[in-house]
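Engineer: Submitted below is the structure of interest, expressed as structure tokens.
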Amino acid sequence: MSIRERIVNNKISVIVLTYNPSKQKLIATLKSIIRQEDVDIQVIISDDGSKENYFEEAEEFLERNGVTDYRFLNCKKPRHCKKCNTSCERIKW
């Protein structure tokens, strides 16, 4: 059985960690994620206190490309990182 045959109908969560990303690189990363075939994808973007996090642009891109299962975590202060880690532990898949 090929790898492709084994992942059919599988669900995956992809966590993208960012800190001061360029918008172009973030969108390129999201393009790469949504190009995957035969998987149900959940996208989580966690930003670690960037001056600009581009969540709005990422949300617009994901919605425009039919991705409905996504979430954003914003960890601006060290104490929030624990909260983000707890949130990641609660991911549904």
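Engineer: Kindly check whether there is at least one residue in the stretch 74-92 that is hydroxyl-bearing (Ser, Thr, Tyr) and either open to solvent by 60 Å² or more (accessible area, probe 1.4 Å) or at pLDDT 70 or above (or both).
Structural biologist: No, the stretch 74-92 has no match at all.
Engineer: Provide a single number: the residues in the stretch 35-58 that are part of a helix (DSSP H, G or I) and either within 15 Å of residue 17 (Cβ to Cβ) or within 10 Å of the chain's Cα centre (by Cα) (or both). Before you say what the answer is, go through the steps one by one.
Structural biologist: From the stretch 35-58, those part of a helix (DSSP H, G or I) are 55-58; that's our starting set.
Now drop any that are not either within 15 Å of residue 17 (Cβ to Cβ) or within 10 Å of the chain's Cα centre (by Cα) (or both), which leaves 55, 58.
Looking only at that region, the number is 2.
Engineer: May I pose another question? Going through the stretch 59-71 one residue at a time, which ones are in a loop (DSSP other than H, G, I, E, B) and either in contact with a helix residue (DSSP H, G or I) (Cβ under 6 Å, 6 or more places away or on another chain) or open to solvent by less than 40 Å² (accessible area, probe 1.4 Å) (or both)?
Structural biologist: Going through the stretch 59-71, the residues in a loop (DSSP other than H, G, I, E, B) turn out to be 65-69.
The answer is 65, 67, 69.
The values are calculated or read from the model by the stated rules, or taken from the named source; none is laboratory data. Owing to the predicted nature of the structure, the values given are computational and were not obtained by experimental measurement. Ideal geometry is used to build each Cβ from the backbone, glycine not excepted, and the neighbour counts take in all protein chains shown. With ligands, DNA and RNA removed, areas are computed over all heavy atoms of the protein, side chains included. Shrake-Rupley method; radii C 1.70, N 1.55, O 1.52, S 1.80 Å.
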